[in-house]
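The structure appears below as structure tokens.
The values are calculated or read from the model by the stated rules, or taken from the named source; none is laboratory data. What you see is a predicted model, and the numbers here were worked out from it, not measured in a lab. Using ideal geometry, Cβ is built from the backbone for each residue, glycine included, and neighbour counts are taken over all protein chains shown.
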Amino acid sequence: MLRFIDAGESHGKFLMGIIEGLPEGLVVDLEQINFDLKRRQGGYGRGLRMNIEQDAVDIISGLINGKTIGSPLGLLIRNKDFKNKTITNQEEKGNFNIPRPGHADLAGVLKYGLDDYQAILERASARKTAMRVAIGSITKQLLEYFSIYSYSHVIRIGTVSVKDSALIQEEEKGFTYIKEKINQSKVYCLEAETSERMCEEIDKAKKDGDTLGGIFEVVIGNVPIGLGSHVFWDRRMDTRIAGAMMSIPSIKAVEIGEGIKSAESRGSLAQDSIYYQKISSTKNSNKSSFYRKKNWAGGIEGGITNGEEIIVRAYVKPIPTLLKPLSSIDLKSKENSLANYQRSDCCVVPAASVVGESVVNWEIAKAFLEKFSGDSLPEIAENFRNYQERIRKW
């Protein structure tokens with residue numbers, strides 16, 4: 001079974017991760033992991049800490065000559081900001097007696113019976129998503145071995161959004177083109193003109209001492225039919241993806257396929273009609289002869305992947321740490337006060353899209369290994385090929 005555990009605090013020495021269940025024989029590309037980490041730190045609207053941290057992962061166990069050996073994979077990311085932990089300026093040290101609205105500060109203090117919220121912010125911080133990205137990047141490489149691809153892109157920041165028609169035109173140009181286009185944008189958006197307007201929107205919010213949220217989309221393509229389960233509620237693919245997305249700080253809603261649009265439509269419009277065209281075995285394709293012309297379901301029906309692209313959208317709330325703080329209460333005096341301001345971002349939607357892609361890749365890889373389990377990559381590949389041949393015989 002594929003699983004992970006991570007540890008580390010926002011201002012601690014390290015972020016740590018252990019992955020258990022990776023098969024023997026997977027070549028791990030460190031440059032790809034570090035590229036994904038760099039993308040997480042990027043995106044217009046990020047704060048000053050991104051100028052300090054230059055995340056890079058060390059793999060400290062589970063590899064020989066760059067290949068997994070079937071034992072737990074140990075990962076380490078150093079926090080360069082750790083050296084600033086002892087400095088005394090107010091912005092860094094902070095007054096941890098006044099909880100910030102929108103954070104875990106107050107709920108954590110009351111849960112544990114603490115005098116201040118410093119211990120809460122250290123682990124509640126989105127800093128820990130760096131390790132989630134490193135872990136997800138490894139499982140993305142596993143999926144790419146089986147020709148399953150993925151990308152994430154921003155479709156809305158504040159009131160500025162991408163037009164649906166423009167998205168369809170871009171998506172017809174292919175996976176490689178899409179990835180390159182996204183990485184050319186400061187906000188990881190497919191439309192150049194919309195990207196500029198998104199940056200302007202961020203600038204306006206920053207000037208006002210405010211923050212912005214938005215929406216990003218994750219697309220996983222060439223996914224085989226049959227991942228997930230209709231039998232157990234917690235093994236449904238949509239359950240797992242939605243839960244993983246909601247585990248990312250600041251994400252408050254998740255949509256799979258045209259979930260919101262379908263709630264406003266009649267059933268005759270909101271279902272994906274099924275078609276059939278016999279296909280032969282095709283290299284690098286996990287498709288079957290059954291297909292749909294539309295994809296309202298977002299690649300999942302009854303908790304099981306149906307062979308279409310998995311499409312997930314996540315709704316990101318504005319960062320709650322504000323330059324112009326909201327009202328709060330001093331935990332010691334119980335008097336009204338303004339919440340603390342600590343170094344933060346203005347907009348994290350682009351960065352969150354990278355995290356979102358990583359956690360969805362993790363869930364798909366986990367379900368893939370459950371379906372085609374084996375100790376080594378060749379064994380899994382053989383199981384997968386046998387399954388593909390059975391599916392293609394229909």
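Tell me, which residue of region 177-188 that is crowded, with 17+ Cβ neighbours inside 10 Å and part of a helix (DSSP H, G or I) is nearest to the chain's Cα centre (by Cα)? My answer is Ile182. Taken over region 215-247, the residue count meeting the criterion of being basic (Lys, Arg) and surrounded by fewer than 22 Cβ atoms within 10 Å (Cβ to Cβ) is 2.
Quick check, is Glu31 within 30 Å of Met198 (Cα to Cα) and surrounded by fewer than 17 Cβ atoms within 10 Å (Cβ to Cβ)? Judged against the criteria, Glu31 is a match.
When only residues in region 99-119 that are crowded, with 19+ Cβ neighbours inside 10 Å and in a helix (DSSP H, G or I) count, which is farthest from the chain's Cα centre (by Cα)? Here the answer is Val109. Please go through (1) at pLDDT below 95; (2) out of contact with any Lys or Arg (no Cβ under 6 Å at 6 or more places or on another chain) for Tyr44 and return the number of the only condition it doesn't satisfy. Unmet for Tyr44, out of (1) at pLDDT below 95; (2) out of contact with any Lys or Arg (no Cβ under 6 Å at 6 or more places or on another chain): (2). Of all residues in region 247-266, those satisfying the criterion of being closer than 19 Å to Gly303 by Cα, not in a helix (DSSP H, G or I) and not small (Gly, Ala, Ser) are Val254, Glu255, Ile256, Glu258. Kindly indicate whether any position in region 300-316 is more than 30 Å from Ile98 (Cα to Cα) and aromatic (Phe, Trp, Tyr). Scanning region 300-316, I find no residue that is more than 30 Å from Ile98 (Cα to Cα) and aromatic (Phe, Trp, Tyr), so the answer is no. Residues in region 334-378 that are small (Gly, Ala, Ser) and either under 30 Å from Asn97 (Cα atoms) or free of Cβ contacts under 8 Å to residues at least 12 places away in the same chain (or both): 6 in all.
Among the candidates Glu122, Glu171, Glu144, the residue that is acidic (Asp, Glu), under 18 Å from the mean Cα position of the chain (by Cα) and either under 25 Å from Val349 (Cβ atoms) or modelled with pLDDT of 95 or more (or both) is uniquely Glu144. Restricting Ser337, Ser373, Ser333, Ser344 to those that are touching a strand residue (DSSP E or B) at 6+ places or on another chain (Cβ under 8 Å) and farther than 27 Å from Glu258 by Cα reduces the list to Ser337. Set side by side, the residues Arg132, Arg127 differ, and just one is at pLDDT below 95, surrounded by 15 or more Cβ atoms within 10 Å (Cβ to Cβ) and assigned to a helix (DSSP H, G or I), which is Arg127. Taking the listed residues Ala339, Ala351, the one that is closer than 26 Å to Val254 by Cβ and either modelled with pLDDT under 95 or buried (at least 24 other Cβ atoms within 10 Å of the Cβ) (or both) is Ala351, with no other qualifying. Here is the figure for region 308-317: residues that are in contact with a Ser or Thr (Cβ under 6 Å, 6 or more places away or on another chain) and surrounded by fewer than 21 Cβ atoms within 10 Å (Cβ to Cβ) total 1.
Among residues of region 330-357 being part of a loop (DSSP other than H, G, I, E, B) and hydroxyl-bearing (Ser, Thr, Tyr), the one that is nearest to the chain's Cα centre (by Cα) is Ser344.
Among what's in region 260-301 and is buried (at least 17 other Cβ atoms within 10 Å of the Cβ) and acidic (Asp, Glu), pick the residue that is modelled with the lowest pLDDT. Here the residue is Asp272.
Quick check: anything in region 189-204 surrounded by fewer than 20 Cβ atoms within 10 Å (Cβ to Cβ) and assigned to a loop (DSSP other than H, G, I, E, B)? Within region 189-204, none of the residues are surrounded by fewer than 20 Cβ atoms within 10 Å (Cβ to Cβ) and assigned to a loop (DSSP other than H, G, I, E, B).
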